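Undergrad: Mind looking over this structure? Questions follow.
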Amino acid sequence: MEVCLGPFICKSLVPLPRSIRTMASLTPGAPSPPAPHQPALLVFSGGTAFNGVVEELKRLTIRVAHVLPVSDDGGSTAEIVRVLGGPAVGDIRSRCLRLSDESTCEAVAVKRLLGHRLPFDSLQAKLEWLYEIVEGDHLLWTGVSKPYRETIRAFLVYFQNQILQRSSEAFCFRNGSIGNFFFAGARIFFQSLDAAIFLFSRVSHIPTESLVLPVITTNDRLTLGCELWDGTVIRGQNEISHPANSQIDTVIKCGSLIPSLPSRIKRVFYLSSEGNNLLHEVFPNVNPMVLEQLRKVDCIIYAMGSLFTSVCPSLVLMLNGSHDRETAGLSASGFVTAITDALNRTHGNPLKHLNNLPDAYVNALLVPKDGEVTVDIDCLATQGIFHVVNNSLLVVVFSKS
C-alpha cells in the first residue's frame, strides 16, 4: 500500500466512500443536550480556519481525531525551525490549546501560560523569557500546582538549553509562543512529535477521546513548495499564502489585504530543508495513526482552510467563506478541480498519475453563510457534484458506510 503524501497521495484514502450524511447545523450559543451516543469523527483541517468551529463541535462530540499539517513556517514557529530544525508545531499547538480543559482554575492557568506570547520588542521578550518564564517567577505561573509547574518548566528549560548549544544561531524571542517552546523542548527530548503531542495533551487536560495527529510522520525540517502555471516556484507556506515582511512579523491572513499570486497554483509539494539543496522535493510517509483512525471513525469531516497550503497537503475540502492569496477569483468548481488534481497527482510524476473523476473525491459541497466564493452549479454538475448545502454553519461529513 502506498503511504506517501505530496505528489504521492496515500491510496488507502482515495477514492473516498460515496455515501454522505449532513450534520445538523449548530447555532452558536444555543443549548445542546449531550448526545446519547457520541459519534467518532476525523477532521482534516488547517491550523487556523477551523479553530472557530472546534468549540461548537465539542458540543456534539469529543471523540474527534484532528489531523493537521506540519508545514507552517511563520512567526515563532519559523524561528524554532530555523535554529532547532524539526517539523513545524504551530498549527498543532494552536489546536491543542483550543481543545484544552477549562473546567478548573488550574486548567485555565495552564492554558493561559501555554497560550502566552512574548512581547514584540526583542529585548523585552528575551528578558521576560529568561528572567520570568524560565525562572518560574512570572505571574503566569500563578495557579499552576507544583507537579505541573515542574513538568512544564523542565521542558522550557530544556528548550533553552538546546538554543544555547547552538551558539552560532542567535535565537529571536520576539512574539514567541510559550506553547511552541514547550512543544519544541518535548519533541527534541523525546525525538518524537507524537510523544510531544501526548505530553501536551495530558498537561493541558485534553480529553483522551480527542486526538491531535500530524498528517505526516517526520522528525525532520520540511516545508511546502508550489509551482505556478507561469513556471515560478515558491518555497514556504507563508510565502505562498500570506507572506510577512520578515520571519517573525505578524502574519496577515485576511485575503483582501494581500495581493494575489502572479499566476494560479499548478501543484504543491513537500521540500526538504535539510542539507545544502533546499529545493529538493521529498515524499514523506503518511502518519500511520491517521490511517488507523480512518478505519475506525464513523464519519470524516472536510473542514475549511487555505486551499493549496492546508487543504491539498492533507487531502481535505470545505468551501471557504472568502478568497485569499491562493484562490483569488476561483469558483467552487475551481476548488474541486484543485483537490482532484492534487489527489490524482495530475501535475506530478506521470508514472504516479491517477485518472479519477472529481466525484470520486467530492460528492457534496458546503457553502458557508454569506460566503464570497461563487458557486457555479452547472459546472459542479458536470463534475458529478449535485449535493450543495447552503447557509450552513458546520460541515458535510462523509460516512464510511
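Undergrad: Computed over the Cα atoms of the range 87-167, what is the convex hull's projected area averaged over all directions, in nm²?
TA: That works out to 6.1 nm², a quarter of the Cα hull's surface.
Undergrad: Highest mean first, how do 286-296, 335-345 rank when packing is the count of other Cβ atoms within 10 Å averaged over residues?
TA: Highest-to-lowest ranking by the protection proxy: 335-345, 286-296.
Undergrad: Here is a follow-up. What's the local net charge at VAL53, with K and R +1, D and E -1, over the other residues with C-beta under 14 Å away?
TA: So the surrounding residues net to +3.
Coordinate-derived values only; no laboratory data. Since the structure is predicted, the reported quantities are computational estimates derived from the model, not experimental observations. Every residue, glycine among them, receives a Cβ derived from its backbone with ideal geometry; neighbour counts consider all protein chains shown.
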